[in-house]
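Read the structure below first, then the notes.
The values are calculated or read from the model by the stated rules, or taken from the named source; none is laboratory data. Keep in mind the model is a prediction, meaning the values are calculated, not measured. A quick note on method: Cβ atoms are made from the backbone with ideal geometry, for glycine too, and the neighbour counts reach across all protein chains shown.
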DNA sequence: GTTGTGACTACCA
DNA sequence: ATGGTAGCCACAA
């Protein structure tokens, strides 16, 4: 495919998200230099193997919500991974305390 | 070329 | 706050 370069950038950015923090799809896209590719970030993460070590769960939508249908398997999987990292959810949304790549 | 679909967003009523 | 909408972009029919 044509965007292998972009895919690598995306993986790199996602891999760099520190433990316990999250980024939005839009932010990941922007970090790659493609501010309008938020959707494509999701498309890319979708094709990851199950045993990937990439912290894909640290990517949420701009509203701070999980971009999966509530109660779907993927939704529950992502929530549990995040909570395991100390990320706090209130009514399906997370607080901006966890947002961004601070050090 | 057109149309529809997504792990998206920003804007507006 | 909430729902609709119009951009957005890659991809598959």
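Look through A:23, A:45, A:6 and report the one residue that is over 10 Å from the mean Cα position of the chain (by Cα) and either modelled with pLDDT of 95 or more or near DNA strand C (Cβ under 10 Å from one of its atoms) (or both).
The conditions single out A:6.
Do you know which residues across the range A:1-30 are surrounded by fewer than 18 Cβ atoms within 10 Å (Cβ to Cβ), within 13 Å of DNA strand B (Cβ to nearest atom) and without any contact (Cβ under 8 Å) to a residue 24 or more places away in the chain?
Passing the criteria: only A:30.
What are the pairs with Cβ atoms under 7 angstrom where one residue, in the range A:75-88, is on the phi < 0 side of the Ramachandran plot and the other, located anywhere, is assigned to a helix (DSSP H, G or I)? Sequence gap at least six, or different chains.
Pairs found: A:78/A:57; A:81/A:57; A:82/A:57; A:87/A:98.
Residue A:35: within 9 Å of DNA strand B (Cβ to nearest atom), within 24 Å of residue A:95 (Cα to Cα) and out of contact with any strand residue (DSSP E or B) (no Cβ under 8 Å at 6 or more places or on another chain), yes or no?
yes
In the range A:31-44, which residues are in a loop (DSSP other than H, G, I, E, B) and surrounded by fewer than 16 Cβ atoms within 10 Å (Cβ to Cβ)?
Selection gives A:33, A:35, A:36.
Test residue A:57 against the criterion of being within 13 Å of DNA strand B (Cβ to nearest atom), more than 12 Å from the chain's Cα centre (by Cα) and surrounded by 18 or more Cβ atoms within 10 Å (Cβ to Cβ), and give yes or no.
Here the answer is no, as residue A:57 does not meet what is asked.
How about the range A:60-93: which of its residues are within 6 Å of DNA strand B (Cβ to nearest atom) and either closer than 17 Å to residue A:14 by Cα or out of contact with any helix residue (DSSP H, G or I) (no Cβ under 9 Å at 6 or more places or on another chain) (or both)?
A:61, A:62, A:67
Which residues, counting only those in the range A:45-77, are outside any strand (DSSP E or B) and touching a strand residue (DSSP E or B) at 6+ places or on another chain (Cβ under 8 Å)?
A:45, A:58, A:61, A:62, A:63, A:64, A:66, A:67
In the list A:81, A:94, which residue meets the criterion of being crowded, with 18+ Cβ neighbours inside 10 Å and under 14 Å from the mean Cα position of the chain (by Cα)?
Just one listed residue meets the conditions, A:94.
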